[in-house]
Amino acid sequence: MTSLDPQQHETAAARRNHEATAPDRRKNRVTAPDGRKHEAAKAGRREREVTAPDRRKGEVSAADGLRREAPAPDGQRRTAAIADRRKGEVTVPDRPRHEVSAPGRRKREASAADRQRRRAAVSDRPRGEVSSADGRKREAPAPDRRRRAAVASGRREREREAAAGGGRERDVGAAGRGGKRGDWAPRVLVLRALGLGDLLAGVPALRGIRRAFPGHQLILAQPPGLTELALTTGAVDAVLAAEAPGRAVPDLSHWPGPPPEVAVDLHGNGPESRDALAALHPRRLLAHACPDGPAWLAHANERDRWCAFLGAYGIPADPRDLRLSRPATPSPAPGAVVVHPGAAACSRRWPGERFAAVVRCLRAAGHHVILTGGPGEDDLVRSVAERGGQPDHDLLTGGLPLGQLSALVAEASLVLSGDTGLAHLAVAHGTRSVTLFGPVSPRMWGPPPGPDHLALWKPGPPGDPHGRTPDTRLLRIRTGEVAAACLMLLRAPRGHRRPATPAHAAP
């Protein structure tokens, strides 16, 4: 026999061991590093083959022989959960241990319970309340209550007006969804319950407020006879009828609905107008008499004064922003020279016989003259017409409706008047004008600097603009001065350059 050395003996033993394990490798395809077979893999396969016939439908047999119920399909679980929620309960179907852990199951149950409570809270709560997720009822926020109250108030007001057969156009109670801004919007109340000239001098301030509160409904407290003109400014949404004798502060207790968001006092600088607005409990009050109010500019022009007042509150306003668009109403006398001898106070009323002398001069120069007068001024107008040789068909007495008066001024070639509302209307329409001033300087109430407006005034100490006798400074203006000023503007081309400051008649 051939003998083998020890190294050859180890090689032969390894080959025999490899040949012995080859069939097992082909069967299992896995051999441990030490050459042993994976008995665990074979045992697991045999156990699965044995337990497979014993499984019933709806169960899963694990490798350890324990039986567990199979998870239901997703659709069945969702259907079961919906059915349980309809009964007022939220459950999670049985599932094997590997599907959802206990913390996840508790989170899902809590979320479903929260959703159920929220749905119940929304369906059960009455109007005006808010139910939280914990079931407690809380009252709705104050702004929401105020908006609902405003809508309800406006609706009730419209129903009352409809039952009565109508109402004032665009009055505060009727201003609603048909207007530019509905009665559901927050509201700004502006008090300026004065005359025609006061309204027109306040137009720049009103437009500044409009721009500062674009989403609010701007309501102007003023005499109802000026409603049509106030709405044409483009700044006012509705009018609250308010007036008092003279220039007194009117009562505002008929204000409808909740308090205004903002109240602005453009009526004066005293505590009376401030208190009338404060009684409505606005969220914000702007007034000269308020502790934070700006100082009163006693010698400033009326337009500049109120624009500066708003500027102190951070609201920009341009005193030159005062023009009005031409009215759609046709003029009763296009191209005529309009002479208005009347005024609200005698201290600002130039004598009628002097107006008559100017009328004769204008007629002699070939100009068509129209005489106008306000309510209660018919006798004055007829007296001027008789002395000036004016025919009756060129008299407009009794006080024209404001729309027709505005059209007359807008289409006139010139307006001659005292310091009254008609002079402010001529400035608003860009119509050339000659205005006679007496107790008050034109620097305070006169037209803005420009070539088309001439103010005649004799310097002196200020007088009483509401006096019962003609002011002495007004009486110092002579007839020839007035006639010459009118003819000069009528002969000058439109927009001809004149001095920027108001011209004063020589003493």
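The values are calculated or read from the model by the stated rules, or taken from the named source; none is laboratory data. These numbers come from a predicted model, not from an experiment. FYI the Cβ positions are ideal-geometry reconstructions off the backbone, even for glycines, and counts take in every protein chain you see.
Considering segment 455-477 alone, what residues qualify as being among the basic types (Lys, Arg) and surrounded by fewer than 14 Cβ atoms within 10 Å (Cβ to Cβ)?
Within segment 455-477, just ARG468 meets the criteria.
Might you check whether a residue that is of a type outside the set (D, E, K, R) and over 23 Å from TRP184 (Cβ atoms) occurs anywhere in segment 256-267? Looking through segment 256-267, at least one residue is of a type outside the set (D, E, K, R) and over 23 Å from TRP184 (Cβ atoms). Specify which of the listed residues (ALA205, ALA276) is closer than 30 Å to SER325 by Cβ, of a type in the set (Gly, Ala, Ser) and in a helix (DSSP H, G or I). On inspection, the qualifying residue turns out to be ALA205.
Of the strands (runs of 3 or more DSSP E) entirely within segment 309-427, those holding at least 3 residues that are over 40 Å from the mean Cα position of the chain (by Cα) and not small (Gly, Ala, Ser) occupy 369-372. Could you tell me which residue of segment 290-340 is nearest to ALA230 (Cα to Cα), considering only residues that are without any contact (Cβ under 8 Å) to a residue 60 or more places away in the chain and in contact with a Leu (Cβ under 7 Å, 6 or more places away or on another chain)? Taking the candidates together, the pick is ARG305. How many residues, within segment 239-273, are touching a Phe, Trp or Tyr at 6+ places or on another chain (Cβ under 7 Å) and more than 13 Å from ALA287 (Cβ to Cβ)? Matching residues across segment 239-273 total 1. Count of segment 428-460 residues, restricted to those that are among the β-branched types (Val, Ile, Thr) and either assigned to a loop (DSSP other than H, G, I, E, B) or at pLDDT below 95 (or both), is 2.
Yes/no per residue for (1) over 26 Å from VAL236 (Cα atoms); (2) among the hydroxyl-bearing types (Ser, Thr, Tyr); (3) surrounded by fewer than 20 Cβ atoms within 10 Å (Cβ to Cβ):
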site: ARG303; (1), (2), (3): no, no, no
site: CYS307; (1), (2), (3): no, no, no
site: GLY311; (1), (2), (3): no, no, yes
site: ALA317; (1), (2), (3): no, no, no
site: LEU324; (1), (2), (3): no, no, yes
site: ALA328; (1), (2), (3): no, no, yes
site: PRO334; (1), (2), (3): yes, no, yes
site: VAL339; (1), (2), (3): yes, no, no
site: GLY342; (1), (2), (3): yes, no, no
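Would you mind stating whether GLY268 is over 28 Å from GLY446 (Cα atoms) and surrounded by 18 or more Cβ atoms within 10 Å (Cβ to Cβ)?
no
When residues in segment 258-270 are screened for being over 30 Å from PRO465 (Cβ atoms), in contact with a strand residue (DSSP E or B) (Cβ under 8 Å, 6 or more places away or on another chain) and not aliphatic (A, V, I, L, M), 2 of them pass. Checking each residue in segment 245-265 for being assigned to a loop (DSSP other than H, G, I, E, B), charged (D, E, K, R) and surrounded by 15 or more Cβ atoms within 10 Å (Cβ to Cβ) picks out only GLU261. Residues in segment 231-244 that are in contact with a Lys or Arg (Cβ under 9 Å, 6 or more places away or on another chain), within 26 Å of ALA343 (Cα to Cα) and in a loop (DSSP other than H, G, I, E, B): THR233 only.
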